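Remarks on the structure that follows.
The values are calculated or read from the model by the stated rules, or taken from the named source; none is laboratory data. Quick caveat: nothing in here was measured; it's all calculated off a predicted structure. FYI the Cβ positions are ideal-geometry reconstructions off the backbone, even for glycines, and counts take in every protein chain you see.
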Amino acid sequence: MRNILIVARKEIQEGLRNRWVLATTLLLAGLALSLTFLGSAPTGTVGVRALDVVVVSLSSLTIFLLPLIALLISHDAIVGEMERGTMLLLLSYPVGRWQVLLGKFVGHLAILAFATLLGYGAAAGALAATGAEIDTESWIAFATMIGSSILLGAAFIAVGYLVSALVRERGTAGGIAIGIWLVFVLIYDMALLGLLVVDQGQILSGSFLNALLLLNPADAYRLFNLTGSVGISAFSGMAGVAQNATLSPSALLAALAAWALVPLALAALAFSRREL
Amino acid sequence: MTGTVEIRNVVKRFGKVEAVRDVSFSLPEGETVALVGHNGAGKTTLMKLMLGLIRPTSGSIAVLGDDPAAGQFEARRRLGYLPESVSFNAALTGHETLAFYARLKREPNKSVPPLLERVGLTHAANRRVGTYSKGMRQRLGLAQALLGEPRVLLLDEPTTGLDPALRQSFYEIVEELRGRGATVLLSSHALTELEERAGRVIIMNRGVKVADGTLDELRRIARLPTRIRLKVTDVGLANVPNWLGPVEGWRRINGHMVEIDASPERKIEVLRRATDEGAPVEDLDVVPPTLDELYAHFLLSQEATR
């Protein structure tokens with residue numbers, strides 16, 4: 001346990017030093033703030049549920065941005081250190097490989113969580129400061145959105161580690177990471193949509209569709225946040241989907257958690273078998 | 001089973017390549033041992049095996065009584081390792097880097113400044129490692145290997161990239177540790193690099209141990225001839241066998257010089273003749289076999305038996 005924390009602490013230290021933390025936080029805060037104030041222009045500031053609008057726009061932002069950031073910081077974690085030669089020295093110390101991996105995970109997740117919390121929190125804080133009325137339900141939806149965003153980030157960090165533990169070169173890891181991002185964030189939904197259009201509801205059952213949605217962490221996240229509460233699903237235009245959705249929020253959360261844990265376990269396995 | 005490192009019949013294959021073939025040796029306490037061989041001779045592989053970073057295909061390894069690959073970290077806490085061309089994360093300072101490694105070895109933070117002082121990096125302790133020169137990184141690498149008073153030090157090509165003054169102080173530190181009972185294993189690609197510092201030399205070639213012993217022992221085994229050079233007068237030059245006696249293996253070089261390859265037991269005899277009264281010799285040089293020649297001899301003799 002102590003080794004994990006030592007490695008995590010070093011990861012955070014490095015993140016602070018090479019400006020990763022600063023850059024991510026500023027990026028997220030900047031985008032969140034502009035979405036909050038520009039995005040509320042059409043609904044007007046008198047909207048009772050200003051924060052709900054923010055939740056909808058921020059979760060859409062998260063789907064694109066957080067997986068990208070997570071993959072960017074994670075794809076290099078193992079293969080990069082091996083290529084630079086720092087891993088050889090680290091593993092000669094009294095520390096297990098799974099401890100190194102888990103320590104990095106904790107460190108990277110802390111960086112991501114910090115940036116998300118601060119960046120998105122800035123948006124909510126600014127909104128509250130302008131005097132918008134925000135009820136408890138909206139606050140809960142907002143907090144849930146941040147929590148699930150961090151979980152989504154965890155899933156993609158874990159996927160990035162798996163890639164990093166399997167490939168031989170950094171360049172390959174980078175290419176695969178970009179590919180994974182494209183597939184999960186853009187192509188998967190388009191393909192799914194195309195499939196549904198072609199199928200016209202003939203063959204594919206609802207449960208099959210549900211399974212397909214759970215197979216993509218980004219979709220699980222989207223469903224979880226956009227259909228999660230009544231007010232938000234109304235704003236997101238997903239009210240129809242929400243009524244028909246047979247996936248409970250807990251099932252969606254479980255899918256996200258599995259997307260973080262399974263790749264992480266596989267990455268640990270691949271890393272432990274790797275010859276240096 | 002008294003050594004700190006015991007290696008028995010170890011074989012390591014990477015796919016079809018046999019990096020280490022049936023190597024056995026034991027390293028005792030308080031000894032500096034040099035592992036010498038070309039690139040690809042299996043030196044680094046042997047060190048990785050001792051660290052437990054890779055597992056032997058067959059054979060057994062024990063370091064401080066433990067199997068290094070078994071996941072027991074107790075032995076690793078008493079082990080220092082300096083990899084070949086060591087590298088560190090460029091974003092952290094020298095002090096932060098060393099403090100990180102100290103925490104992993106459960107060494108108190110206050111052990112860091114004295115170590116930096118010892119390798120002469122105090123002035124650069126708060127600079128990022130990315131700004132360090134090659135020699136400074138190598139010194140930081142040595143500092144981390146010295147954390148926690150190691151009982152076994154594995155140093156992979158430690159002096160490459162160090163200037164002569166640093167090399168000197170490097171060997172002083174190593175000697176001091178050895179004096180306190182540590183086992184020091186140095187690897188090098190040339191015997192001359194070691195400048196006769198090692199008490200014992202293990203020569204590796206293509207994964208096979210070809211020689212193991214002190215430098216004197218190796219010299220004796222190799223029976224390399226001593227080269228004797230004589231500056232001879234014109235008269236003497238005409239009838240060398242007459243005054244030198246029946247010596248095989250002599251040749252003329254640069255006009256007035258005669259060079260003789262004298263085997264160890266014939267050396268004195270040749271010298272006596274050459275310095276005999278009346279011998280037409282004006283000057284003489286005795287060149288003992290160099291470390292490079294000794295090294296080449298063992299490599300060649302192993303190639304010949306293959």
Problem - Matching residues, segment B:257-269, being of a type in the set (A, V, I, L, M) and under 33 Å from the mean Cα position of the chain (by Cα) - result: B:ILE260, B:ALA262, B:ILE268
Practice task
Return the residue satisfying two criteria in turn: it lies in segment B:177-236 and is closer than 19 Å to B:VAL23 by Cα and basic (Lys, Arg), and of such residues it is nearest to the chain's Cα centre (by Cα).
Solution key: B:ARG200
Handout entry: Residues (more than 8 Å from chain A (Cβ to nearest Cβ) and not in a loop (DSSP other than H, G, I, E, B)) located in segment B:63-83
Key = B:VAL63, B:ASP66, B:PRO68, B:ALA69, B:ALA70, B:ALA75, B:ARG78, B:GLY80, B:LEU82
Fill in the blank from the handout: Within segment B:84-104, of all residues that are more than 8 Å from every other protein chain (Cβ to nearest Cβ) and under 21 Å from B:GLU157 (Cα atoms), the one farthest from the chain's Cα centre (by Cα) is B:LEU98
Problem - Residue in segment B:105-129 that is nearest to the other protein chains (Cβ to nearest Cβ), counting only those that are within 30 Å of the chain's Cα centre (by Cα) and closer than 28 Å to A:TRP98 by Cα - result: B:LYS105
Completion exercise
In the set B:GLU176, B:GLU217, B:GLU196, the lone residue that is part of a loop (DSSP other than H, G, I, E, B) and either modelled with pLDDT under 85 or not aliphatic (A, V, I, L, M) (or both) is B:GLU196
Handout entry: Enumeration of residues in segment B:126-151 that are β-branched (Val, Ile, Thr) and in contact with a strand residue (DSSP E or B) (Cβ under 9 Å, 6 or more places away or on another chain)
Key = B:VAL129
Exercise for the section: Name, by its number, the condition in (1) surrounded by 21 or more Cβ atoms within 10 Å (Cβ to Cβ); (2) closer than 19 Å to A:PRO217 by Cα that does not hold for A:THR144. Expected result: (1)
Practice task
Can you run down the residue pairs with Cβ atoms below 9 Å, 6 or more apart or on separate chains, where the first is in segment A:259-276 and in contact (Cβ under 8 Å) with a residue 60 or more places away in the chain and charged (D, E, K, R) and the partner is assigned to a loop (DSSP other than H, G, I, E, B) and crowded, with 19+ Cβ neighbours inside 10 Å?
Solution key: A:ARG274/A:ILE78
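Quick grid of which residues meet (1) without any contact (Cβ under 8 Å) to a residue 40 or more places away in the chain; (2) of a type in the set (A, V, I, L, M, F, W, C); (3) under 27 Å from A:VAL100 (Cα atoms):
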residue	(1), (2), (3)
A:PHE156	no, yes, yes
A:VAL159	no, yes, yes
A:LEU162	no, yes, yes
A:VAL167	no, yes, yes
A:ARG170	no, no, yes
A:ILE176	no, yes, yes
A:VAL183	yes, yes, no
A:ILE187	yes, yes, no
A:ALA191	yes, yes, no
Exercise for the section: Would you point out the residue of segment A:1-37, among those that are among the hydrophobic types (A, V, I, L, M, F, W, C) and surrounded by fewer than 16 Cβ atoms within 10 Å (Cβ to Cβ), that is farthest from the other protein chains (Cβ to nearest Cβ)? Expected result: A:PHE37
Fill in the blank from the handout: Of (1) within 13 Å of chain B (Cβ to nearest Cβ); (2) assigned to a helix (DSSP H, G or I); (3) among the aliphatic types (A, V, I, L, M); (4) buried (at least 21 other Cβ atoms within 10 Å of the Cβ), A:LEU89 fails just (4)
Problem - Candidates B:LEU244, B:LEU294, filtered to the one that is under 26 Å from B:LEU194 (Cβ atoms) and of a type in the set (A, V, I, L, M) - result: B:LEU294
Practice task
Name, by its number, the condition in (1) assigned to a loop (DSSP other than H, G, I, E, B); (2) surrounded by fewer than 16 Cβ atoms within 10 Å (Cβ to Cβ) that does not hold for B:VAL247.
Solution key: (2)
Exercise for the section: From B:ASP292, B:ASP261, grab the single residue that is outside any loop (DSSP other than H, G, I, E, B), in contact (Cβ under 8 Å) with a residue 40 or more places away in the chain and of a type in the set (D, E, K, R). Expected result: B:ASP292
Handout entry: Any chance A:SER250 is assigned to a helix (DSSP H, G or I), within 30 Å of A:LEU51 (Cα to Cα) and at pLDDT below 80
Key = no
Problem - Check on A:SER74, crowded, with 24+ Cβ neighbours inside 10 Å, small (Gly, Ala, Ser) and over 19 Å from B:MET47 (Cα atoms) - result: yes
Problem - Residue within segment A:38-47 that is away from every other protein chain (no Cβ under 14 Å), in a helix (DSSP H, G or I) and β-branched (Val, Ile, Thr) present - result: no
Practice task
Specify the residue that is nearest to A:GLY121 (Cα to Cα); the eligible residues are those in segment A:1-37 that are without any contact (Cβ under 8 Å) to a residue 40 or more places away in the chain and of a type in the set (S, T, N, Q).
Solution key: A:SER34
Handout entry: Qualifying residue in segment B:40-51 (condition: more than 21 Å from B:LEU153 (Cβ to Cβ) and modelled with pLDDT under 90)
Key = yes
Completion exercise
Residue pairs within 6 Å by beta carbon, gap of at least six or interchain, first lying in segment A:125-142 and over 18 Å from A:LEU33 (Cβ atoms), second of a type outside the set (A, V, I, L, M, F, W, C) and not in a helix (DSSP H, G or I), listed first then second, are A:ALA141/A:SER229
